[in-house]
Amino acid sequence: MKFFQNIYRWDNDTKISISIVLIGFIMTLFISFVDLFTLYPQFNFSWIYLFYIVLWFLSFVCYYKCVTTSTEVPENIKMDISTYPACSKCGLGKPERAHHCSKCNSCILEMDHHCNYIGNCVGFANKKYFLLLLFYVTLMILFILLVNTPLAIYAFFYPLRNPFYHCVFRLFDLIHCILSVYGFTLIAPTAHVVVKGLFCNYTTIEFIVKGDMGWVSSSESRKKNKYDLGTLRNIQQIFGIGLLQALLPIPSNTTCNGINFETNGEYNEALENQYNEYYEDY
């Protein structure tokens, strides 16, 4: 299985992080089916919980793709040091916006950051899946905290059947709630930077180098970032055109290949040269 083929290159911290995520997925799925048959029939709308099951499935597919999708610079580009500047770390060809990851020991196309919880870098090839993972998990957390937990509390105090039987199952809902809060603490620090980067077309590394550019594309952000093409076009560069294509964990048809990038022509070249000098040393 492709997922486990990556184990040999994961360090112990990464293995622990991925194990935590997988245990979380397994536990939430188990508790989901417990609730489907013990909690929601009491309120006569079990069908609504199927929405949560679908979110779980989409989240897991996105997670699998985040882990297994190669984000490295293609071999033909690595070998073409006559066209692309050589990386100072590995000596291989490195196109613009690529960065050498010391944990992956390779240059990554449009590298955003390395994530221990997926054992991989977030880059051009899997950024869509990573963003969708954040989106689906956020919806799952909101569902658990705003819908599932209040119903579980009510069912705990007003059980329809044997009180002891229901109290035991409601303990699973308490675990579900705790997992949701823990999940929020994991994604919140990363999500706001990555989502802002989506709207303004910059990576986390570029955010560190150039600073905050706001939540949406603006004239000021385009002066600081030559890749900022406007909010809508920035989103389409990752998700493609079409709502269904954007919301499903499938490859999107975009005009960007992660190697050559369209620029806006509004950026301040003097600022860009200053940033590039720092970026090379980052």
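Could you list, in sequence order, all residues of region 1-32 that are at pLDDT 75 or above, more than 21 Å from the chain's Cα centre (by Cα) and surrounded by fewer than 12 Cβ atoms within 10 Å (Cβ to Cβ)?
12
Can you spot a residue in region 181-200 that is of a type in the set (Phe, Trp, Tyr), out of contact with any Gly (no Cβ under 6 Å at 6 or more places or on another chain), surrounded by fewer than 22 Cβ atoms within 10 Å (Cβ to Cβ) and under 30 Å from residue 218 (Cα atoms)?
Taking region 181-200 as the starting set, the residues that turn out to be of a type in the set (Phe, Trp, Tyr) are 182, 184, 199.
Still in the running and out of contact with any Gly (no Cβ under 6 Å at 6 or more places or on another chain): 182, 184, 199.
From what's left, surrounded by fewer than 22 Cβ atoms within 10 Å (Cβ to Cβ): 182, 184, 199.
From what's left, under 30 Å from residue 218 (Cα atoms): 184, 199.
Yes, region 181-200 contains a residue that is of a type in the set (Phe, Trp, Tyr), out of contact with any Gly (no Cβ under 6 Å at 6 or more places or on another chain), surrounded by fewer than 22 Cβ atoms within 10 Å (Cβ to Cβ) and under 30 Å from residue 218 (Cα atoms).
Let me confirm something: among 187, 235, 205, which residue is of a type in the set (A, V, I, L, M), assigned to a helix (DSSP H, G or I), over 30 Å from residue 146 (Cβ atoms) and touching a residue at least 12 places away in the same chain (Cβ under 8 Å)?
Values: 187 fails: over 30 Å from residue 146 (Cβ atoms); 235 fails: over 30 Å from residue 146 (Cβ atoms).
Sole residue among the options that is of a type in the set (A, V, I, L, M), assigned to a helix (DSSP H, G or I), over 30 Å from residue 146 (Cβ atoms) and touching a residue at least 12 places away in the same chain (Cβ under 8 Å): 205.
Does residue 89 qualify as being basic (Lys, Arg) and part of a helix (DSSP H, G or I)? Before the answer, list the steps.
Values: basic (Lys, Arg): yes; part of a helix (DSSP H, G or I): no.
So residue 89 fails the test.
For region 34-55, enumerate the residues that are of a type in the set (Phe, Trp, Tyr) and buried (at least 16 other Cβ atoms within 10 Å of the Cβ).
Filtering region 34-55 for residues of a type in the set (Phe, Trp, Tyr) gives 37, 40, 43, 45, 47, 49, 51-52.
Once the filter is applied, which keeps residues that are of a type in the set (Phe, Trp, Tyr) and buried (at least 16 other Cβ atoms within 10 Å of the Cβ), region 34-55 yields 40, 49, 52.
Collect the residues in region 92-118 that are touching an Asp or Glu at 6+ places or on another chain (Cβ under 9 Å), more than 21 Å from residue 254 (Cβ to Cβ), touching a residue at least 40 places away in the same chain (Cβ under 8 Å) and not polar (S, T, N, Q), keeping them in residue-number order.
Within region 92-118, 103, 104 meet the criteria.
Would you mention how many residues in region 97-144 are surrounded by fewer than 18 Cβ atoms within 10 Å (Cβ to Cβ) and among the charged types (D, E, K, R)?
So the answer is 1.
May I ask you to say which residue of 117, 64 is in a loop (DSSP other than H, G, I, E, B), in the same structural domain as residue 202 (by TED's automatic domain parsing) and of a type in the set (Ser, Thr, Tyr)?
On the way: 64 fails: in a loop (DSSP other than H, G, I, E, B).
Answer to the selection: 117.
For region 18-61, give me the residue count where each residue is outside any helix (DSSP H, G or I) and touching a helix residue (DSSP H, G or I) at 6+ places or on another chain (Cβ under 6 Å).
Summing the residues that are outside any helix (DSSP H, G or I) and touching a helix residue (DSSP H, G or I) at 6+ places or on another chain (Cβ under 6 Å) in region 18-61 gives 1.
Looking at residue 185, is it farther than 16 Å from residue 261 by Cβ, of a type outside the set (A, V, I, L, M) and within 13 Å of the chain's Cα centre (by Cα)? I'd like the intermediate steps shown before the answer.
Working: farther than 16 Å from residue 261 by Cβ: yes; of a type outside the set (A, V, I, L, M): yes; within 13 Å of the chain's Cα centre (by Cα): no.
Answer is no for this residue.
Return the total of residues in region 208-232 being assigned to a helix (DSSP H, G or I) and either under 20 Å from the mean Cα position of the chain (by Cα) or charged (D, E, K, R) (or both).
8
One residue is enough: does region 212-224 have a residue meeting the conditions in contact with a Gly (Cβ under 8 Å, 6 or more places away or on another chain), aromatic (Phe, Trp, Tyr) and assigned by TED's automatic domain parsing to the domain that holds residue 62?
No, there is no match, as no residue in region 212-224 is in contact with a Gly (Cβ under 8 Å, 6 or more places away or on another chain), aromatic (Phe, Trp, Tyr) and assigned by TED's automatic domain parsing to the domain that holds residue 62.
I need a count of the residues in region 191-202 that are touching a Ser or Thr at 6+ places or on another chain (Cβ under 8 Å) and part of a helix (DSSP H, G or I). Lay out the reasoning, then the answer.
So in region 191-202, the residues touching a Ser or Thr at 6+ places or on another chain (Cβ under 8 Å) come out as 191, 193-194, 197, 199-201.
Those still in the list that are part of a helix (DSSP H, G or I) too: 191, 193-194, 197, 199-200.
Matching residues across region 191-202 total 6.
The values are calculated or read from the model by the stated rules, or taken from the named source; none is laboratory data. In this text, all values refer to a predicted model and were calculated from it rather than measured experimentally. Because the Cβ atoms are built from the backbone with ideal geometry, glycine has one as well, and the counts that use them run over all protein chains shown.
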